[in-house]
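Q: This is the structure I want to talk about, given as structure tokens.
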Amino acid sequence: MATLSADDVQTSAKRAVREAAPWIQRLARMGFAAKGVVYLIIGSLALEAALGRGGETTDSQGALQAVLQQPFGRVLLGIVAVGLVGYAIWRFVQAGLDPEGIGSDGKGMVTRAAYAISGVLHAALALQATRLALGLGAGGGGDSGPQDWTAMAMAQPMGRWIIAGVGLAIVAFGVAQLVRAYRTDLPGRLDLGRLSPTARVWVVRFGRIGMAARGIVFGVIGGFLVRAALTYDPGKARGLGGALDSLHEQAYGVWLLGLVAAGLIGYGLFQLVHARYGLIKAS
């Protein structure tokens, strides 16, 4: 029986993706929309907290809980779950088959690895959304989640240094987001010809401000992980909600949290625009 080489497998996979490209593009657009909804909720709740209007700092799971509490919440959450699955599939296609031609050099492989990690994270979030929609609970999470898995990792050989490395990597990702907020050609990633010049300007502003806000939040999350490793205290680890809390606790915290929250809302809006006008190459 003939055996398939790695090149044969990749060629077959690329052929299958080309045939499924229209569906992958639809799933990707649903994914950008679902991601936009999650960030809009996180940003809106944090902004309400900053303004003292009863909101709260929360993470992605908290955003899913907020969707569940709406009329027809289970149906809405099911739609969000499908969108998040679509986004995960899109990231895996980007990582494995490189339809955008990023390449296999050092920089390209780092980017594709980041796509794969993003796919795993969004698949996990989709699973949480599905469990909530089915009334099964989310299976853990909240801001105790980072502390729990940090404690488990630290209990392993070299676990403390692994956590420190992960924290530094997240800080680096946050810095990269800040750089991308300034340098990325956002108009080149979108087909905005049908929008007015003013609308195009605001779409790009939303994208840049949102990416900068994400960079700040991820930098804080990574910093807490590094601190947890250095102090050998898993309790120092914080997730997205905890990172927003920490901003609120600083001097001028109301302003810090308000600005970052507004940036996250801008990022959510940009994702919704990307869902409609993004240039998505699936094959």
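Here, each number is a calculation from the coordinates, and none is a lab measurement. Everything numeric here is computed off the predicted structure, so don't read it as measured data. As a convention, Cβ positions derive from the backbone with ideal geometry for all residues, glycine included, and neighbour counts pool all protein chains shown.
Q: In segment 257-283, which residue that is aliphatic (A, V, I, L, M) and closer than 10 Å to G43 by Cβ is surrounded by the most Cβ atoms within 10 Å (Cβ to Cβ)?
A: Within segment 257-283, the subset aliphatic (A, V, I, L, M) is 257, 259-262, 264-265, 269, 272-273, 275, 279-280, 282.
Now restrict to residues that are closer than 10 Å to G43 by Cβ: 260-262, 264-265, 269.
Values: V260: 26, A261: 26, A262: 18, L264: 28, I265: 23, L269: 20.
That would be L264.
Q: Residues G188, G165: which one is more than 23 Å from G36 (Cβ to Cβ), out of contact with any Cys (no Cβ under 6 Å at 6 or more places or on another chain) and surrounded by fewer than 20 Cβ atoms within 10 Å (Cβ to Cβ)? Step through it out loud before you land on a result.
A: Details: G188 fails: more than 23 Å from G36 (Cβ to Cβ).
So the residue among G188, G165 that is more than 23 Å from G36 (Cβ to Cβ), out of contact with any Cys (no Cβ under 6 Å at 6 or more places or on another chain) and surrounded by fewer than 20 Cβ atoms within 10 Å (Cβ to Cβ) is G165.
Q: Ok, one more. Taking segment 61-118, which residues are of a type in the set (S, T, N, Q), under 20 Å from L240 (Cα atoms) and under 15 Å from the mean Cα position of the chain (by Cα)? Break it down stepwise before answering.
A: The first filter runs over segment 61-118 and keeps only residues of a type in the set (S, T, N, Q), leaving 61, 65, 69-70, 94, 104, 111, 118.
Now narrow it down to the ones that are under 20 Å from L240 (Cα atoms): 61, 65, 118.
If the condition is that a residue be of a type in the set (S, T, N, Q), under 20 Å from L240 (Cα atoms) and under 15 Å from the mean Cα position of the chain (by Cα), then Q61, S118 are the ones that fit.
Q: Checking R194 against (1) closer than 22 Å to G174 by Cβ; (2) surrounded by fewer than 20 Cβ atoms within 10 Å (Cβ to Cβ), which test does it fail?
A: Condition not satisfied by R194: (1).
Q: Answer with yes or no whether A113 is part of a helix (DSSP H, G or I) and crowded, with 16+ Cβ neighbours inside 10 Å. It would help to see each step written out before you state the result.
A: On the way: part of a helix (DSSP H, G or I): yes; crowded, with 16+ Cβ neighbours inside 10 Å: no.
For A113, the condition - part of a helix (DSSP H, G or I) and crowded, with 16+ Cβ neighbours inside 10 Å - is not met.
Q: In segment 168-214, which residues are free of Cβ contacts under 8 Å to residues at least 24 places away in the same chain and among the hydroxyl-bearing types (S, T, Y)?
A: Across segment 168-214, the qualifying residues are S196, T198.
Q: Residue check, V80 against (1) crowded, with 18+ Cβ neighbours inside 10 Å; (2) on the phi > 0 side of the Ramachandran plot; (3) hydrophobic (A, V, I, L, M, F, W, C), all met but one. Which one?
A: Among (1) crowded, with 18+ Cβ neighbours inside 10 Å; (2) on the phi > 0 side of the Ramachandran plot; (3) hydrophobic (A, V, I, L, M, F, W, C), the lone unmet condition for V80 is (2).
Q: Okay, moving on. Can you say whether A251 is within 16 Å of V38 (Cβ to Cβ) and of a type in the set (A, V, I, L, M, F, W, C), as far as the supplied structure shows? Full working, then the answer.
A: On the way: within 16 Å of V38 (Cβ to Cβ): no; of a type in the set (A, V, I, L, M, F, W, C): yes.
In short, no.
Q: Another question, then. S246: polar (S, T, N, Q) and in contact with a Phe, Trp or Tyr (Cβ under 9 Å, 6 or more places away or on another chain), yes or no? If you could, list the steps in order and put the result at the bottom.
A: On the way: polar (S, T, N, Q): yes; in contact with a Phe, Trp or Tyr (Cβ under 9 Å, 6 or more places away or on another chain): yes.
The answer is yes for S246.
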